[in-house]
1. Can you give me the angle between helix 61-82 and the longest principal axis of the chain, using Cα atoms only, in degrees from 0 to 90, rounded to the nearest 10?
2. Give, in nm to one decimal, the length gained when the segment between residue 5 and residue 133 is fully stretched (0.36 nm per residue of separation minus the Cα-Cα distance).
3. I'd like the orientation of helix 143-156 relative to the chain: the angle between its Cα long axis and the longest Cα principal axis, in ° from 0 to 90, rounded to 10.
4. Would you please give the FRET efficiency between residue 111 and residue 64, computed as 1/(1 + (r/R0)^6) with r the Cβ-Cβ distance and R0 = 41 Å, to the nearest 0.05?
5. With each pseudo-label sitting 7 Å past Cα toward Cβ, what's the residue 50-residue 19 distance in nm, one decimal?
6. Over what distance in Å are the Cα centres of the stretch 56-107 and the stretch 145-163 separated?
7. Residue 72 versus residue 101, label points 7 Å from Cα toward the beta carbon: distance in nm?
8. Direction-averaged shadow area of the convex hull around the Cα atoms of the stretch 28-177, nm²?
């Protein structure tokens, strides 16, 4: 009796190595390594030469969509360990000069619209932040962590109870590399 299954294969570049540890994939490259757990999915992973095969034996509509999602995650991991991810944010202020301090895994935004208490944004492990004049550069190997850290900084400066036509102050993402 044949059990139907669907699979997708993904080419692995020469300078990238992939290890399969159960349902966790570890991708190593020239810049470092990134791991991602697929424990909650019914997918199975195998290596065939320089190809990663993602297979699914339970063919249901909801589970089939996981194939493309898992493939996209692995592609993002490969790009992360070969090129890395970088988000650029711009500080915009018209009324009060904003000060930014990076302390461990927290970014403190001081004097935002004249507030006395600093606003705080959480930064994930493996993500580095640098402040260059009015630019903030968020970089790292894991796309999810880098983009969520940039979003946390942007969300920390969301203005409430002020007219947005007058107060356009904030920190905004303007470039992704």
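1. 70
2. Details: separation 128, 0.36 × 128 = 46.08 nm, distance 5.41 nm.
Full-extension gain reported as 40.7 nm.
3. On a 0 to 90 degree scale, this one is about 20.
4. Numbers: r = 51 Å, r/R0 = 1.25.
Computed FRET efficiency for residue 111 and residue 64 comes out at 0.20.
5. If labels sit at residue 50 and residue 19, their model points lie 2.2 nm apart.
6. 15
7. 3.9
8. Values: hull surface 47.7 nm².
Quarter of the Cα hull surface area: 11.9 nm².
Every number here is computed from the coordinates shown, using simple stated rules; none is lab data. The model shown is predicted, which means the values in this text are computed figures rather than measured ones. Cβ sites come from the backbone with ideal geometry, for glycine too, and all protein chains shown count toward neighbours.
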